[in-house]
Amino acid sequence: MAETTVESNFQTIPVDQIKPSPHQARKVFDEEALKGLAESVKQEGLMQPIAVRKVGDTYELISGERRLRAAKLIGWPAIDAKIIKTVSEGEAAAKGLIENLQREDLNAIEEARGFEELNHLDPAYWTQEQIGKVTGKGQTYVSESLGLLRLPESVQDFIARAILSRSHGELLLRLPTPKQQEAVANLIVKHGWSVREAEKCINETLNKPPSRKIPKGKTGYDPLSNLWPVLLANKAIAAMGGWVVNYKDEHWNFSISSKAAPAKEDLARWFHQMGDALGFKAD
């Protein structure tokens with residue numbers, strides 16, 4: 001999906017004719033902050049128009065949902081809008097996501113889901129590198145953000161509500177199972193641990209020798225169980241969306257989402273990255 005130039009014009013539109021975008025990156029709206037914005041708009045007017053596109057007899061919001069909500073709060077019947085003439089649904093979605101992702105006030109999980117959705121619109125074009133370039137974040141930042149989406153929903157919720165920081169989330173990814181990630185996250189919240197204190201707990205968890213007792217119904221333990229957390233935390237193994245390894249019946253099973261590696265070249269790249277990390281070099 002190459003970037004294209006879109007035409008636009010400005011118009012005052014009734015607020016009841018504007019429907020929300022299905023591709024809104026922001027999911028949480030601070031009510032107090034929204035009231036503050038509404039008061040500012042009431043006193044100073046709208047400093048920047050919202051952006052919409054025409055869909056039938058109505059308009060679909062592309063960017064500016066907080067401004068639109070503020071206008072509704074103060075009872076404005078209409079709002080200034082920039083009407084974007086886009087080529088396709090995908091282009092409209094991409095433009096809205098980019099405008100939201102370029103802002104600084106999304107929480108880490110909203111931002112990560114925005115990156116993920118942008119990639120899913122066109123995986124061949126919206127690679128981690130391209131997303132990082134367009135949003136001004138950088139490929140490493142995008143890759144680390146996407147990693148947060150591998151955490152359990154409860155842990156993601158802690159991060160979205162700023163109970164845990166982005167750095168806490170990145171540390172928790174070192175733990176090999178969702179159960180461990182959730183357990184340690186709850187300890188961090190309960191004790192109010194800093195990132196350094198959380199890191200100490202995680203290091204102790206990873207360095208704890210595995211139990212030799214075999215539970216009923218189990219045939220054995222993964223002999224490389226201490227290795228996988230290290231590789232899962234390896235930024236060089238950067239398959240979009242991450243990867244998972246399971247050990248059962250003396251076999252290792254690796255899983256990568258088809259969305260994570262949409263082409264055979266992506267899969268081949270991941271195998272090479274994994275081989276390099278394990279110390280195997282191709283001839």
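The values are calculated or read from the model by the stated rules, or taken from the named source; none is laboratory data. This one's a predicted model, so the numbers in the text were calculated from it and none came from an experiment. Here the Cβ is made from the backbone with ideal geometry for all residues, glycine too, and neighbour counts use every protein chain on show. Side chains are part of the model used for accessible areas, which takes the heavy atoms of the whole protein and leaves out ligands, DNA and RNA. Shrake-Rupley method; radii C 1.70, N 1.55, O 1.52, S 1.80 Å.
Each of Ile163, Ile18 has its accessible area taken with a 1.4 Å probe; listed largest first, they run Ile163, Ile18.
Whole-Hz Karplus values for region 165-173 come out as 8, 4, 5, 4, x, 5, 5, 4, 5 Hz, taken residue by residue from phi with 6.51 cos²θ - 1.76 cosθ + 1.60 and θ = phi - 60°; glycine and proline positions read x.
Cross-link pairs exceeding 26 Å in C-alpha to C-alpha distance, out of Lys19/Lys95; Lys179/Lys264; Lys137/Lys190; Lys35/Lys190; Lys42/Lys95, comprise Lys179/Lys264; Lys137/Lys190; Lys35/Lys190; Lys42/Lys95.
Taking packing as the residue-averaged number of other Cβ atoms within 10 angstrom, the listed peptides 132-141, 105-114, 246-255 run from highest to lowest as 105-114, 132-141, 246-255. Here the extension length gained between Asn253 and Asp16 equals 80.1 nm, from 0.36 nm per residue of separation less the Cα-Cα distance. Need one number: % antiparallel among DSSP beta bridges in region 34-96, to the nearest 5. Once the DSSP bridges in region 34-96 are tallied, antiparallel ones form about 60 percent. Calculated FRET efficiency, Glu204 to Arg269, Cβ-Cβ distance, R0 = 30 Å: about 0.30 to the nearest 0.05. Packing here is the average count of other Cβ atoms within 10 Å per residue, and on that basis the peptides 39-48, 151-160, 191-200, highest first, run 151-160, 191-200, 39-48.
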